[in-house]
Structure formats: structure tokens, C-alpha cells
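Here is the structure we will look at, set down as C-alpha cells.
The values are calculated or read from the model by the stated rules, or taken from the named source; none is laboratory data. Not measured: the values here are computed from a predicted model. Positions of Cβ are backbone-derived with ideal geometry, glycine not excepted, and every protein chain shown enters the neighbour counts. When the accessible area is computed, the model is the full protein with side chains, heavy atoms only, and any ligands, DNA or RNA have been set aside. Shrake-Rupley method; radii C 1.70, N 1.55, O 1.52, S 1.80 Å.
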Amino acid sequence: MVDIIVVDDDPGMVELLTEFLTEDGYKVRTAANGLEALKLLIAERPHLLLVDIMMPVMHGLTLWYYLKKDPELAQIPVVMMSGAKNKPLLNECDHQGFLVKPFDAETLLTLVHALVGEAGGAGG
């Protein structure tokens, strides 16, 4: 099964993303910040990370820098998310996608399918 970690401090956004992804057949785990996500990554490697940029404790770009320092974690595709349209720091990272909040299920799932395939057909 395709495993996705959603990293966002907004409980409503986490709930919405989890609903969209699980209804499409993906396994979803969640973290409220980058530090929680790193703890999840120690236990199990996901197929994809959906990461909000602005979060308390450890924001998304800091998490991305940690991922890129580890050769194994650096292979995980990362989609960055933000409600901010001005994102100059985002240009520093080679993320695989960017979602501007708010976005709809179709936009999310089109990007996820492009990166990891459809949940039923990707194996994992």
C-alpha cells in the first residue's frame, strides 16, 4: 500500500487531506510539525511527504533540509504546501510539487498520482 505522511499544524487541513487520500486508497499518517514527521520517518519510510511550510516547532523547509542530509530520506518525494503566495525560500529546495492552499481534491490527487501512482496500482 502507498504510504503518505501529511505534515501540517492545522487540524482541519490534516483531516481534509487524510479524507481525500484515504478515500482514494492511500495509507495516511500525520504529524503536526517537522519534528514529529522526523520521528515517524525513523520508524518507516513513506512513499510521499505532503509538508506545510509554516508550522511551529520545526517548519517545512527545515524538515526538507534534514531530509536532504540523509541519503535514504532524500529519495522520498516531497510536496510543499502553503497559503502564502510569496515563497522566495521555496526556490532553494528541489521539491517535487507545490500546492497553494486552499486546493481541491482533484488538484491534490492529480499531483499525488503523478508522483507515486494510484493507490491501488502502485504496490508498496
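Odds and ends about this structure:
- Selected residue [touching a strand residue (DSSP E or B) at 6+ places or on another chain (Cβ under 8 Å), farther than 18 Å from VAL100 by Cα and open to solvent by 70 Å² or more (accessible area, probe 1.4 Å)] from LYS69, LYS27: LYS27
- Count - residues of segment 36-48 that are in a helix (DSSP H, G or I) and either open to solvent by less than 70 Å² (accessible area, probe 1.4 Å) or acidic (Asp, Glu) (or both): 5
- Residue selected from segment 8-24 under the condition open to solvent by less than 50 Å² (accessible area, probe 1.4 Å), in a helix (DSSP H, G or I) and in contact with a strand residue (DSSP E or B) (Cβ under 8 Å, 6 or more places away or on another chain), by the criterion nearest to GLY117 (Cα to Cα): LEU21
- Selection count where residues are of a type outside the set (Val, Ile, Thr) and at pLDDT below 90, scope segment 22-51: 2
- Segment 105-124: number of residues that are at pLDDT 90 or above and open to solvent by 80 Å² or more (accessible area, probe 1.4 Å): 3
- Residue check for MET58: touching a residue at least 40 places away in the same chain (Cβ under 8 Å) and open to solvent by less than 60 Å² (accessible area, probe 1.4 Å): no
- With respect to the conditions (1) modelled with pLDDT of 90 or more; (2) within 18 Å of ASP10 (Cα to Cα); (3) not aliphatic (A, V, I, L, M), GLY83 lacks only one, and its number is (1).
- Residues in segment 86-104 that are of a type outside the set (A, V, I, L, M, F, W, C) and either modelled with pLDDT under 90 or in contact with a helix residue (DSSP H, G or I) (Cβ under 7 Å, 6 or more places away or on another chain) (or both): ASN86, LYS87, PRO88, ASN91, GLU92, ASP94, HIS95, GLN96, GLY97, LYS101, PRO102.
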